[in-house]
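Student: I have a structure here, written as structure tokens, and I will follow up with some questions on it.
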Amino acid sequence: MTDPNKPLLCPETLAASFGVAADMAYGSVAPPLYLTSTYEFAGYDQPRLYDYGRAGNPTRDLLGDALAALEGGAGCVITSSGMAALDLLVGRLGPDDLVLAPHDCYGGTMRLLKARASRGHCSVRFVDQSDDEAVSAALEEVPALFLIETPSNPLMRVVDIRGLAAKAREVGAAVVVDNTFLSPAVQRPIALGADYVVHSTTKYLNGHSDVIGGAVVAADPGNAQELRQWANIVGSAGAPFDAWLTLRGLRTLFPRMQTQQANAMAVARYLESHAAVSKVHYPGLPAHRGHAIASRQQNGFGAMLSFELAGGIEAVRRFIEHVKFITLAESLGGVESLVAHPATMTHADMGDEARAVAGISDGLLRMSVGLEAERDLIAGLDYGLAKSGN
């Protein structure tokens with residue numbers, strides 16, 4: 001029976017109010033920031049709830065509890081970066097354990113997995129997860145972890161989380177979904193069968209391009225506790241101030257995503273009709289291969305897109321030189337619009353061959369659409385595209 005004194009809150013309310021007015025000492029409306037590295041014991045052999053900052057911190061735990069609630073998980077570990085979040089899972093594997101990862105995953109993810117495998121910490125296989133036969137063949141190798149990235153970075157490929165999770169469960173693989181591109185405002189992988197959700201909290205969760213951080217949310221309480229213990233062992237915990245800033249950014253996650261998604265749809269439609277653009281990758285467009293799956297498993301289509309310029313690398317150079325109101329930079333998910341050239345920036349470490357297999361061309365640009373006025377964004381793109389063919 002539902003407790004009427006503890007109503008089930010809408011996710012928008014959770015994001016806006018989690019931890020608000022919970023300070024029992026002074027009644028602070030904003031959650032306090034605890035910067036202490038250590039904590040006083042109550043007496044001999046009497047540790048309190050917290051004893052040392054690496055093992056636990058009230059501010060960090062408050063952010064973790066908020067993210068666990070938003071993702072529908074049992075617990076969360078806040079880490080120092082998104083890569084540290086993923087490595088919290090991968091680093092616990094043994095030499096005989098296999099990781100199945102997307103062939104078109106984020107360049108940093110591919111770099112981490114290859115580095116771990118090269119040192120004998122695990123083995124890794126990259127597979128096109130939209131290819132049912134390839135996935136079935138790979139699962140016959142009985143992986144320990146099945147890593148899903150949807151939409152993928154940078155080509156916005158969408159795969160069926162529920163279907164892949166069911167297949168992975170049949171062979172005993174733990175399913176990990178990178179939800180960085182969408183956040184729980186748009187997609188909740190645990191409800192679709194994931195065992196873990198990883199985030200670079202640097203991106204949409206914080207939303208202001210001023211914090212580096214990560215998070216792992218576990219569906220199972222026991223797994224969550226094991227991750228907390230492992231994070232204490234390896235020392236990957238995030239800083240309290242970064243957690244406090246991220247929690248502050250989380251307050252506006254839903255209205256930010258709503259506006260950024262609307263802007264992204266307008267930008268995608270504009271690019272789709274422009275003669276200088278040969279291809280637009282955005283799941284919100286009906287022509288996108290993953291549109292039906294995205295419509296089913298997402299609450300919206302996100303604010304990330306990529307597009308290919310018909311003129312190739314030379315057109316990219318001219319576009320970047322002239323585009324207005326959009327900044328050339330790595331990262332994503334902030335209130336400002338950013339554009340990146342994956343081949344020379346985010347995915348440079350993959351190498352030419354791996355990029356070719358993934359379909360990342362030299363003419364591809366990735367865009368994180370921000371909160372600027374739609375009119376200005378399109379005008380800025382229009383100016384850059386007009387110059388790209390000169």
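Every number here is computed from the coordinates shown, using simple stated rules; none is lab data. Treat the numbers as computed from the prediction; the structure is a model and nothing was measured. Here the Cβ positions follow ideal geometry from the backbone for every residue, glycine too, while neighbour counts run over all protein chains shown.
Student: Taking the Cα atoms of segment 89-193, report the difference between the largest and smallest coordinate on each principal axis, in whole Å and largest first.
Tutor: That works out to 37, 28, 23 Å along the principal axes.
Student: As a footprinting exposure proxy, order PHE325, PHE146 by other Cβ within 10 Å, with the fewest listed first. Could the numbers behind the result be given before it?
Tutor: Working: PHE325 17, PHE146 27.
Placing the least packed residue first, the sequence is PHE325, PHE146.
Student: Next question. For a quick check, take a GNM of the chain with Cα springs below 10 Å and name the residue from TYR196, TYR282, TYR39 with the largest mean-square fluctuation.
Tutor: TYR39
Student: Turning to a different aspect of this structure: Pick out which of LEU33, LEU100, LEU67 has the largest mean-square fluctuation in a Gaussian network model of the chain, springs linking Cα atoms closer than 10 Å.
Tutor: LEU33
Student: Using the Cα centre of the chain as origin and beta-carbon charges of +1 (Lys, Arg) and -1 (Asp, Glu), tell me which of ALA55, ALA287, SER130 is placed farthest towards the positive end of the dipole.
Tutor: Most positive-ward Cα: ALA287.
Student: Shifting gears a bit: Lys/Arg Cβ at +1, Asp/Glu Cβ at -1, dipole of segment 208-321 taken about the Cα centre: which of PHE307, ASN263, LEU253 is farthest positive-ward?
Tutor: Of the options given, the answer is ASN263.
Student: Would you list PHE241, PHE319 from fewest to most Cβ contacts within 10 Å?
Tutor: Details: PHE241 14, PHE319 27.
Neighbour counts put them in this order, fewest first: PHE241, PHE319.
Student: Among THR202, THR79, THR109, which comes first, then next, by fewest other beta-carbon atoms within 10 Å? All intermediate terms of the calculation are to be shown ahead of the outcome.
Tutor: Values: THR202 24, THR79 29, THR109 21.
By the 10 Å Cβ count, ascending, the order reads THR109, THR202, THR79.
Student: Using Cα centres only, tell me the gap between segment 332-390 and segment 118-135 in whole Å.
Tutor: So the two Cα centres are separated by 27 Å.
Student: Here's another thing I want to ask about it. Taking the chain, how many lysine pairs are there with alpha carbons less than 26 Å apart, if each pair must be eight or more places apart or span two chains?
Tutor: Details: LYS114/LYS167; LYS114/LYS203; LYS203/LYS279; LYS203/LYS324; LYS279/LYS324; LYS279/LYS387; LYS324/LYS387.
Going through the chain pair by pair, I get 7.
Student: OK, next. Would you look at the GNM of the chain, springs on alpha carbons closer than 10 Å, and say which of ASP96, ASP178, ASP45 moves the most?
Tutor: Looking only at ASP96, ASP178, ASP45, the biggest GNM fluctuation is shown by ASP45.
Student: What area, in nm² and to one decimal, does the C-alpha convex hull of segment 253-388 cast on average over all directions?
Tutor: Working: hull surface 31.6 nm².
That works out to 7.9 nm², a quarter of the Cα hull's surface.
Student: Taking N as the number of residues in segment 11-250, what is its Cα Rg relative to 2.2 N^0.38 Å? Please report the intermediate quantities before stating the final value.
Tutor: Values: Rg = 18.3 Å, N = 240, 2.2 N^0.38 = 17.7 Å.
Against the compact-globule rule of thumb, the ratio is 1.04.
Student: Using the Cα centre of the chain as the reference point, and only Cβ charges (+1 on K/R, -1 on D/E), how large is the resulting charge dipole? Debye, rounded to the nearest 20.
Tutor: Numbers: 31 positive and 42 negative charges, 114 e Å.
Here the chain has a charge dipole of around 540 debye.
Student: Contact order normalised by length for the chain, with contacts defined as Cα pairs under 8 Å and 6 or more residues apart; what percent is it? Don't jump to the answer; show the numbers that get you there.
Tutor: On the way: 800 pairs, mean separation 67.9, N = 390.
Reported as a whole number, the value is 17 percent.
Student: What value, in deg cm²/dmol to 500, does the helix sum -39500 (n - 2.57) over DSSP H runs of n ≥ 4 give at 222 nm once divided by the residues of the chain? Before the final figure, lay out each step's value.
Tutor: Values: 13 runs with 145 residues, N = 390.
Using -39500 (n - 2.57) per qualifying helix, the result is -11500 deg cm²/dmol.
Student: On a 0 to 90 degree scale, rounded to 10, what angle separates helix 58-71 from the longest Cα axis of the chain?
Tutor: The angle comes out near 60 degrees.
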